[in-house]
Amino acid sequence: MLEALRESVCRANRMLPAYGLVCLTWGNVSAADREQGVMLIKPSGLSYDEMRPEDIVTVDFETGQAMEGARRPSVDTWIHLEVYRAFPQIRSIVHTHSRWATIWAQAGMAIPALGTTHADEFLGDIPCTRAMRPEEIRTEYERNTGRVISETLRQREVFSRGAVLVRSHGPFAWGETPEKAVEAAVTLEETANMAWHTMLLRGDAASPIPEELLNKHFFRKHGKDSYYGQGGGGGIT
């Protein structure tokens, strides 16, 4: 079971450059196996084209320590762990510095829900965290980043698929599987691009998508009453 998940995490990490979500090694994918008490995550600084399943690092869910292998886990390990601990429904997390979503994060702005492309994946605006305090940066920076994400998400209903922006940093997205989490990150980047250009054209006159239309598009793809696709729901249209 763990080996299949390891292969999935490796495959999802290699999808990031394929979808244009990362430059160099600027991103990582993880997945939690809560029954075994471990997280699997990309090794720190390893290029995607070199990555093999055996390179994926197994991390103890409680201590954050690597359990096997010669690779060091991503420097963002504790960010992922803190979010997993706060939200049991989250099973896989993707972090990138994808261009358009990061622009919104650097501006400290939520990505508004303006149309059905956004609503197909996200139920409402993509929130942006508050700025981190100096003491949060000086001590336990990665853990505090995860805590600030969790603080932001506790203010809204968190589904098994979604995204958040870390102010001055970049986007995090999640899904039921590593591949689904990457799909959420792809959709996030596209909607960030669309929202930026819509706001450029319309400015303050840009209107949010009507709530009824937002709900219709989200729940026809997600949740127990979804009817999109061939039985599994979700996925890139």
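The values are calculated or read from the model by the stated rules, or taken from the named source; none is laboratory data. Given the structure is predicted, the values throughout are model-derived calculations rather than measurements. Neighbour counts are summed over all protein chains in view; Cβ atoms, including those assigned to glycine, are modelled from backbone coordinates with ideal geometry. Calculation scope for accessible area: heavy atoms of the full protein, side chains included, ligands and nucleic acids excluded. Shrake-Rupley method; radii C 1.70, N 1.55, O 1.52, S 1.80 Å.
Of the beta bridges in segment 91-237, as assigned by DSSP with both residues counted there, near 90 percent are antiparallel. For the chain, modelled as a GNM whose springs connect Cα atoms under 10 angstrom apart, the maximal fluctuation among SER226, SER160, SER74 occurs at SER226. The GluC sites (Glu not before Pro) found in segment 1-98 that occupy coil by DSSP, while having at most 10 further C-beta atoms within 10 Å, are GLU35, GLU62, GLU68. Remark: relative contact order (segment 130-237) = 14 percent; criterion is Cα-Cα distance under 8 angstrom and separation of 6 or more residues.
Under the combined filter of DSSP loop state and at most 11 neighbouring Cβ atoms within 10 Å, segment 126-222 retains these GluC sites (Glu not before Pro): GLU157.
Using a probe of 1.4 Å, the accessible surface attributed to ILE209 totals some 20 Å² when neighbouring protein chains are kept in position. Averaged per residue, the chain has 49 square angstrom of accessible surface, using a 1.4 angstrom probe with ligands and nucleic acids left out. Going by accessible surface with a 1.4 Å probe and the largest first, LYS224, LYS216, LYS180 read LYS224, LYS216, LYS180.
The listed residues THR191, THR198 rank as THR198, THR191 when sorted by accessible area, largest first, using a 1.4 Å probe. Set against the labelled values (i) 39, 18, 15; (ii) 25, 23, 18; (iii) 28, 20, 17, semi-axes √(5λ) of the Cα gyration tensor in Å computed from this structure falls on (iii).
Accessible area ranking (1.4 Å probe, heavy atoms, ligands and nucleic acids excluded), largest first, for VAL75, VAL83: VAL75, VAL83. Around the amide H of ILE111, modelled in the peptide plane, lie the amide H atoms of ILE126, all under 5 Å away and 5 or more residues distant in sequence or on another chain. Within the accessible surface of the chain, defined with a 1.4 Å probe on protein heavy atoms only, the carbon and sulfur portion equals 50 percent.
Each stretch of four or more DSSP H residues adds -39500 (n - 2.57); spread over every residue of the chain, this sum gives -12000 deg cm²/dmol at 222 nm.
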